[in-house]
Structures are given as structure tokens and as C-alpha cells.
Amino acid sequence: TNTESSAASDVYKRQRDTLHVFNTHYDHRGEKARVNSSRLLISKLKTLELLDEKVILMGDFNSRPEEEPVKILNKAFADAYTHSEKKARGPFGTFNGFDTASKLDQRIDYVFLMNLKALSYTAVDDKRKNGRWISDHLPVLVEVSD
């Protein structure tokens, strides 16, 4: 019947759904370059007609939450840290500079979501057996749903 055909079509569409994932690393010196990078990303998403699609934008943005590059992105995306359904786990900061005594108060790594929900957010602060960091940035783990 027509109803069965429509239901089968809906299942097929869901299984063939596309998730667009972008990873970036903003310049660590140029403040203007970081602002322009955020503007360019938003412009590119518009050009590619992805504003109504499911998009994950993640990476090292070398910008704190109160800075302009992040503010620009927050107009189009949901920051998984602040929009997580569960309370964020782990330290606030994601940059440690390989300093084992770091206060972890500088959040410069993000996972931004468009047309997706953040179910949970964790900044993973595990260390190696010798007490050193695995990287100068903490891994960020986000569980998402549509």
C-alpha cells in the first residue's frame, strides 16, 4: 500500500542520513585570523547549503569561550559543553601545555553541533602511567543524537 511504501521510504532516508563532520585548528598567534576563520566557516556552510543539515565542527580553536571567534560560532552552532543534556564532566579547561600541574582553566578545544543534540560532554583528563599527559590538549568526548 501507499502507507507501507511511505514508511519504508522514511526508514531508508533515516539509514542514509548524512552527518557532516569538520575538524579544524585555528592559528595560535593571529587574533584576526581566528575571527576570520570563524566567519569563513559560517560562510562556507552557507555556500554548501549545510545550515539545515547535521553538522559537527570540532577542533582546537585557540580561543576562549568569551572571545569573538567562539561568539561568532555560537550564533550558528550549539557548544556541546554548554548545551549538554547531562552536566559536563571533567575539567573546564582543555589545554595543559604538557604541564602536569596545569590548572586546566583554558578551554580552547570545542565540539560545536548544528541540528544535533549533545547528550553528554567529557573532557578526558587521564594521564599516562608515568603521570604525564597524553597530549598538550585534553581529548573531548561528546555523545550526540538527532
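The values are calculated or read from the model by the stated rules, or taken from the named source; none is laboratory data. Quantities reported herein were computed from a predicted structural model and do not represent experimental measurements. Methodologically, a virtual Cβ is constructed for each residue, glycine included, from the backbone with ideal geometry; neighbour enumeration extends over all protein chains shown. Note: areas computed on protein heavy atoms with side chains; ligands, DNA, RNA excluded. Shrake-Rupley method; radii C 1.70, N 1.55, O 1.52, S 1.80 Å.
The requirement of being of a type outside the set (Phe, Trp, Tyr), open to solvent by 30 Å² or more (accessible area, probe 1.4 Å), in contact (Cβ under 8 Å) with a residue 24 or more places away in the chain and within 29 Å of residue 18 (Cβ to Cβ) is fulfilled somewhere in region 95-115, by at least one residue.
Restricting attention to region 116-129 and to residues that are charged (D, E, K, R) and more than 12 Å from the chain's Cα centre (by Cα), the residue that is surrounded by the fewest Cβ atoms within 10 Å (Cβ to Cβ) turns out to be 129. Taking region 90-135, which residues are under 25 Å from residue 71 (Cβ atoms), part of a loop (DSSP other than H, G, I, E, B) and of a type in the set (D, E, K, R)? If the condition is that a residue be under 25 Å from residue 71 (Cβ atoms), part of a loop (DSSP other than H, G, I, E, B) and of a type in the set (D, E, K, R), then 103, 105, 107 are the ones that fit.
Residues checked against (1) at pLDDT 95 or above; (2) open to solvent by less than 100 Å² (accessible area, probe 1.4 Å); (3) over 18 Å from residue 113 (Cβ atoms):
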{"site": "15", "(1), (2), (3)": "no, no, yes"}
{"site": "22", "(1), (2), (3)": "yes, yes, no"}
{"site": "25", "(1), (2), (3)": "yes, no, yes"}
{"site": "30", "(1), (2), (3)": "yes, yes, yes"}
{"site": "33", "(1), (2), (3)": "yes, yes, yes"}
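Let's see how each residue does on (1) of a type in the set (Phe, Trp, Tyr); (2) modelled with pLDDT under 95; (3) under 20 Å from residue 122 (Cβ atoms); (4) over 16 Å from the mean Cα position of the chain (by Cα):
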{"site": "36", "(1), (2), (3), (4)": "no, no, no, yes"}
{"site": "46", "(1), (2), (3), (4)": "no, no, no, yes"}
{"site": "52", "(1), (2), (3), (4)": "no, no, no, yes"}
{"site": "64", "(1), (2), (3), (4)": "no, no, yes, no"}
{"site": "80", "(1), (2), (3), (4)": "no, no, yes, no"}
{"site": "92", "(1), (2), (3), (4)": "yes, no, yes, no"}
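Close Cβ contacts (under 6 Å, 6 or more residues apart or on different chains) running from residues in region 13-30 that are over 27 Å from residue 95 (Cα atoms) to residues that are modelled with pLDDT of 95 or more and open to solvent by less than 100 Å² (accessible area, probe 1.4 Å) comprise 19/54. Whenever a residue of region 48-75 is on the phi > 0 side of the Ramachandran plot and open to solvent by less than 20 Å² (accessible area, probe 1.4 Å), its partners that are of a type outside the set (Gly, Ala, Ser) and assigned to a loop (DSSP other than H, G, I, E, B), lying with C-beta atoms within less than 9 angstrom and at least six residues away or across chains, give the pairs 59/26.
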